[in-house]
Structure formats: structure tokens, C-alpha cells
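S.K.: Here's a structure for you.
The values are calculated or read from the model by the stated rules, or taken from the named source; none is laboratory data. Keep in mind the model is a prediction, meaning the values are calculated, not measured. Counting neighbours? That spans all protein chains shown, and the Cβs are built from the backbone with ideal geometry, glycine included.
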Amino acid sequence: MKRRAPLSSKYLILLAAIVGVISGLGAFIFYFLLDLFTKIFLSGLDSFNPPLAGGEAEVVKIELHLGILPLPVVVALGGLLSGLIVYKFAPEAEGHGTDAVIRAFHRARGEIRARVPIVKTIASAITIGSGGSAGREGPIAQIGAGFGSFVGELLRLSDKDRRILVICGVAGGIGSIFRSPFGGAMFGIEVLYKRDNEVEAIVPAFVSSIVAFIVFDVIMSYFANTPFGVLPIFKIPQVTIHSPLEFPIYAIVSVLAAFFGIIYVKVFYTVHNYSKRVSIPPYFKPAIGGFFTGVIGLFLPGVLGMGYGYVQMAIDGKLAVTVMLLLIFGKIVATSLTVGTGGSGGVFAPSIVIGSMVGGFVGYSFHYLFPNVIVQPEAFVLIGMSAFVAAVAKTPIAAILMVLEMCGGYSLLPALMTAATLAYYLAGDYSIYAEQVATRAESPAHRMEMSIDVLENVRVQDAMVSADKLVVVTPYQRVSEVLELIEKTGHMGFPVVMDGRLVGMVTFEDVERVPLEERDKKLVRDIMTRELIVTYPDETLEEALIKLVDKGIGRLPVVDRNDEKKLLGIITRSDIMKAHAREVKRIVS
């Protein structure tokens, strides 16, 4: 299928806005279904009403309190239904979704099947609504990215433009459903890499995110009767930094966030890998994981669903320190059982909950010990969120911005920056997103782009074989002698030099055109190429490679700019490839 040439920026911005509209609509549909299935499964079948965060609103007004099934069975039922839907219609929609988007960006030209957003929406709403320990980030990222990919495929856009629209879909979905347009845009360009970001997509991502946020907020204000505008998910009191003595405590939060972040990643992928090896139908695995999640939920209900209501309770000082500590471990295990076994849901909301409990545990513990130093322990709930997300998602900027927008605690910016940055570095390369690559240089999506960049930065003189190491021939040697040199050296062409001056080039192709019976009679001067394509030592490898490709030749003589008969060396395609490999190795190391 023929693809369009890369779009101009104004058309790309227009498409980013369209993707934002679709992502905002998709985010509301997902929000609605999540509320609906929570009412059906948890409230209806088990009579469990999970608490809401302070800024969350209900959009489904039905009330069911049948109470006919025990909690573990309800969560297992949701896992089974989700598994059946996913593995029947779109197996790539299993798990937390964000990894699938990252993989599609780097390794599948940004292509996501059109059915994935629909399957992911329904399956994730069932998983989370039935009490599975998962979040909205992975599903909405895959939903938005799927819409972006669909638009790119519909318009037959180039791979590069389609990938940018995939990022726009992620940014729009995250920015709208988390009410974090700035953070959502940064998440979209940051989450692809551990130590880099997709900077070319930043403006389209911002456009998509803010459009999606507006669309989502308009619909929410109508259906939930909430005021239009930025309404943070969590309600917090006015918090601020009271003393420089708090900063060492922020560092403690960072250390614990990195520590528990590494445990989270290891436990999650241990469960995930074990689940993959178990020889049972894949749709049964989320049911088994859901059952054990429900068992944990009997004793620790904060592990069920997204758990944002318990974060609000921690902010409000309504959770005991011991409960916070238990929730750290409980949420890690429950999320691994829910999503690691193939359940459809995100790992960002669990990260928010775990991080908030880490911060709350530290903050309230130190408040009890040093009440005059730690005056507002609830602030540490937010600091823990930011630190933990930065550690496990490798998105430090997005972590800071999203916590600010989700909570509105802008006066804590220095504290959030301190904790997130430190936790990000302490956690090293451990990431909850296995498909992340370190930098753009390691992304297959940028392999060709990086190749060109590398060739632009290396000169011919740094890659050529110098004249003193060359095998040369004279115009008066016989063609048969050239053939002997080819067999002896393995070289496919030689400069022709007379009296120290370059006069031509002779190649294997030239020799091959001479009949066998004439090769002892004909001389090099009779078959050599006199009109030479040359390169200069100060030209870039890109310029040299373009000459080789345009003329369909394998080597170029390197000559002095002021005297093109003065041979300085030879450069071949092989020399360029070797130089490129050396330079890439230097860059990534």
C-alpha cells in the first residue's frame, strides 16, 4: 500500500486535534463502563462499595446490592470474562496495555489493530470493575493509541506520522481520564524510553491532550453534574514545605520508593513469566489471579480496583500507618496476580496507590516522632506518588506533573522534583514497562534516522583506507594481472596510478567484460574508467554514501580538493558500514 509523504506540521497538528477528540470520547466511554461494571460486580454481586477519591464522580446512577457471591468469586468471574473477551478477539489487549503500545511504536511501525481499543475498553472495565487490582492508564493508553493508529492507517500516513499519532492517542487518553493535560502529554513522549523522550511529538501531544481533556470534561460536567474546569482527582488541603529539615525525609521516601519499586517490578514479572509457562487455557489464568486477589481483598479491601479512595483516605489521615504498610505489599501482590496473569488493566494506578502508601507511611511515622518538623504528613502521600511512579515507569517529568495536576499541590513542586529525581536514579534500569528501550538510538523506529545522523557526523578521512595501504595498478598492466590481484587480495577494484598521479579506476566488472582469450593481451588503460566520481577527506560519510548509491558503485577514490589527481585513499560501502557501527557503539555506551 502506497504511503503519503511526511505531513507538514499544520496538518499533523490538525490530525492530533482529531485524535484528541476521539481519545476524549473514548476516555469517557471507558469511565462510564468502569463505573457501570463496578456497580454490577462489586456493589451488586458482593455489596462492596469501594470509596471514591475526593474529585471522582459517579456517572451511573443505578444501585444494586444483591450480595449473592463472595468477593473472591466476583473478582475471579471478572477475570474469566475479561480473559474470554481478550483471547477470543484481540490477544494483544491482555496485560496492562502500555507495553503493547510501546512495542507497537518501536517494532510494529505504530500499527495497532482497529478492534483493540474496543476489546481493551470492555475487558479492562470488567477487570477493574469486578475488583481486579489494576488501573486506567494502560487501557486508556492502548485505547487512545489504537485510535491514533487507525487514523494513520485510514489516511495511509507514513510510518513516522502514524507513530506520532499513536503518541497523541496516548497523551489524549491519559491527559483526559487523569485530568492531567500537561502530564498526559509528557507521559506520551516519555514512556517510550528509559532515558530519552520522543521530542518531535511534543507539540502534537500537547494539542491532542488538551483537546481530549476538554472533550472529556465537557461530557463529564453534563453527565455527572460537575463544574467544568480542572477538578483534581484527589482533594487535598493547602500543603507547603515548612522547613529545610523536610528534605532529608524526602530522600528517605525516594530510597523506599526505589526499593519497593524494584520489588514491584520483580514480583510482577515473576508472576507474569510463571503464568506464561503454565499449560492451561490463557483465559483461565486471569480468573485464578482474580480469585487470589479477592482473597487478599477480604482482609485488605484497599487492594481492590484502582484504590484511589484509599489514597484519599491516606491524604485525609484516615488510614493507620500499619494499614499503609500492609497496602504497599498487598497492592504489589494483588496487581501482579491481576495483571501479571493476563488480566486487562493498567499498572499506573497501582503505582499511584503503592507510592502514596510509601509516602504516607514515612510522613505519618515521622509526624508522630517529630511533629514540629513534619507538620503536614499528608503532603508525603503526594511525594510518595511522584517518587514511585518516576522509579517504576521511568517518566520523572510526567510523574511530577501528573501528581501536581491530579492533586493540585503546586507549592510542593520542589519536594516532588527532589523525590522523583532521586527515586528515578536509585531504581536504575528496573521498569514496570518491559518494552521500553534506553534511548532513541536503540529503537528500531529510529534506526534509519539514527544511521543518517551518525553518517552526518563522521568525515571520510576518518573511515577511508589511506593511500599508503592501498594496492594500486598501472595503466600498462595486463587485465589478467588485475584478475590475479582480485583473487589474491579479495578487493573488487583498484586505483590506476601513473607517476604518482590518479588516472582511473579498474574493477572486477571491467575485467569480467573482457573475453578470456583477450585478458593476456589487453591492458588496464583499455578498460579502466577515466571519468571518476570522487570524494574528499572533509566530506561526510552521508555525502559519500549518496554518491555511491546514486551511481551504483562500490568504492570512491578520496582525492585532494585542490588537486584531484592526488590520491589520498579509498572508501567503500564496507568502510562506511564499519565506521557507522563504531560510532553507534560509542553513542549508546
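S.K.: So which helices (runs of 4 or more DSSP H) are wholly in the stretch 125-230 and hold at least 3 residues that are assigned by TED's automatic domain parsing to the domain that holds Val59 and surrounded by fewer than 20 Cβ atoms within 10 Å (Cβ to Cβ)? Walk me through how you get there before you give the answer.
M.R.: Working: elements: 137-154, 159-177, 181-190, 202-223.
Qualifying helices (runs of 4 or more DSSP H): 202-223.
S.K.: Working only within the stretch 431-455, note down all residues that are under 15 Å from Arg586 (Cα atoms) and at pLDDT 70 or above.
M.R.: Of everything in the stretch 431-455, those that are under 15 Å from Arg586 (Cα atoms) and at pLDDT 70 or above turn out to be Ala438, Thr439, Arg440, Glu442, Leu455.
S.K.: Name every residue in the stretch 536-555 that is in contact (Cβ under 8 Å) with a residue 60 or more places away in the chain and more than 21 Å from Ala581 (Cα to Cα), in order of residue number.
M.R.: Within the stretch 536-555, just Tyr536 meets the criteria.
S.K.: Hey, does the stretch 16-37 have a residue that's surrounded by fewer than 24 Cβ atoms within 10 Å (Cβ to Cβ) and part of a loop (DSSP other than H, G, I, E, B)?
M.R.: no
S.K.: Something else: All but one of (1) out of contact with any Phe, Trp or Tyr (no Cβ under 7 Å at 6 or more places or on another chain); (2) not in a helix (DSSP H, G or I) hold for Lys120; state the number of the condition that does not hold.
M.R.: Only one criterion in (1) out of contact with any Phe, Trp or Tyr (no Cβ under 7 Å at 6 or more places or on another chain); (2) not in a helix (DSSP H, G or I) is unmet by Lys120, namely (2).
S.K.: Would you confirm whether or not the stretch 255-275 contains a residue that is surrounded by 15 or more Cβ atoms within 10 Å (Cβ to Cβ) and over 26 Å from the mean Cα position of the chain (by Cα)?
M.R.: Checked the stretch 255-275: no residue is surrounded by 15 or more Cβ atoms within 10 Å (Cβ to Cβ) and over 26 Å from the mean Cα position of the chain (by Cα).
S.K.: Is it fair to say Leu485 is in a helix (DSSP H, G or I), in contact with a Ser or Thr (Cβ under 9 Å, 6 or more places away or on another chain) and surrounded by 16 or more Cβ atoms within 10 Å (Cβ to Cβ)?
M.R.: Details: in a helix (DSSP H, G or I): yes; in contact with a Ser or Thr (Cβ under 9 Å, 6 or more places away or on another chain): no; surrounded by 16 or more Cβ atoms within 10 Å (Cβ to Cβ): yes.
So Leu485 does not fit the description; no.
S.K.: Tally the residues that are part of a helix (DSSP H, G or I), closer than 27 Å to Phe366 by Cα and either touching a helix residue (DSSP H, G or I) at 6+ places or on another chain (Cβ under 6 Å) or not assigned by TED's automatic domain parsing to the domain that holds Gly54 (or both), restricting the search to the stretch 281-319.
M.R.: The total comes to 6.
S.K.: Condition first: small (Gly, Ala, Ser) and over 21 Å from Asp560 (Cβ atoms). Now tell me which residues in the stretch 452-490 satisfy that. Before the answer, list the steps.
M.R.: Step one: filter the stretch 452-490 for residues small (Gly, Ala, Ser), giving 463, 466-467, 480, 490.
If the condition is that a residue be small (Gly, Ala, Ser) and over 21 Å from Asp560 (Cβ atoms), then Ser480, Gly490 are the ones that fit.
S.K.: Shifting gears a bit: Suppose the filter is modelled with pLDDT under 90 and either touching a strand residue (DSSP E or B) at 6+ places or on another chain (Cβ under 8 Å) or among the small types (Gly, Ala, Ser) (or both); does Gly129 pass it? Can you show your working first?
M.R.: Working: modelled with pLDDT under 90: no; either touching a strand residue (DSSP E or B) at 6+ places or on another chain (Cβ under 8 Å) or among the small types (Gly, Ala, Ser) (or both): yes.
In short, no.
S.K.: It is to be established whether one or more residues within the stretch 492-499 are part of a loop (DSSP other than H, G, I, E, B) and farther than 14 Å from Ile570 by Cα.
M.R.: First pass over the stretch 492-499, keeping only residues part of a loop (DSSP other than H, G, I, E, B): 492, 499.
Filter again for farther than 14 Å from Ile570 by Cα, leaving 499.
Among the residues of the stretch 492-499, at least one is part of a loop (DSSP other than H, G, I, E, B) and farther than 14 Å from Ile570 by Cα, which makes the answer yes.
S.K.: Consider Gly330 against the criteria (1) free of Cβ contacts under 8 Å to residues at least 60 places away in the same chain; (2) farther than 30 Å from Tyr283 by Cα; (3) among the small types (Gly, Ala, Ser): it satisfies all of them except one. Which criterion is unmet?
M.R.: Result: Gly330 fails condition (2) only.
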